[in-house]
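The values are calculated or read from the model by the stated rules, or taken from the named source; none is laboratory data. Source: prediction; values computed, not measured. Backbone-built Cβ (ideal geometry, glycine too); neighbour counts: all protein chains shown. Accessible surface is based on the protein model in full, side chains and every heavy atom, while ligands, DNA and RNA are left aside. Shrake-Rupley method; radii C 1.70, N 1.55, O 1.52, S 1.80 Å.
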Amino acid sequence: DRWSALGESSDAEAGRRVNGLRLHVLCDLNGWTAGHRIGILAGRPAPVQVAYMGFPGSSGTNAIDFAIFDRFVTPPEHADHFSEKLILLPGSYWVADYGRAELMDEGGVLGGSRSDHSL
């Protein structure tokens, strides 16, 4: 319901601030990509911590409880290679609204401003 900039905070301070929000679920969207903040999750600021979108692999840590993927990115038989429990979505884990294709140009690029797309 609100935005909190944590970029200048240390992982420990950011974790305390997140913990103070009393979230039920904290979702990490970066994984081990550039600028990641997995150190925040290492302090367990939320009772359930989930990875989604940013990194299609295991974090290899006990800081993240669940990873949301699909059977194409992460075949079920690879579950033993993950430190997280897998949540495998039907279809693709990548969010796309192909029903709004009329908003794309000939090259498949979504044009216009954010407000043109109700964002």
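Could you please let me know if Phe55 is open to solvent by less than 30 Å² (accessible area, probe 1.4 Å) and aromatic (Phe, Trp, Tyr)?
On the way: open to solvent by less than 30 Å² (accessible area, probe 1.4 Å): no; aromatic (Phe, Trp, Tyr): yes.
Spelling it out, it is not the case that Phe55 is open to solvent by less than 30 Å² (accessible area, probe 1.4 Å) and aromatic (Phe, Trp, Tyr).
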Residue count for the stretch 42-87, restricted to those that are of a type in the set (Lys, Arg) and in a loop (DSSP other than H, G, I, E, B) = 2
Which residues, taken from the stretch 17-41, are loosely packed, with under 14 Cβ neighbours inside 10 Å, farther than 20 Å from Met53 by Cα and either modelled with pLDDT of 95 or more or not basic (Lys, Arg) (or both)?
-> Gly20, Leu21
Criterion: among the charged types (D, E, K, R) and open to solvent by less than 80 Å² (accessible area, probe 1.4 Å) - qualifying residue of Asp70, Asp80 = Asp70
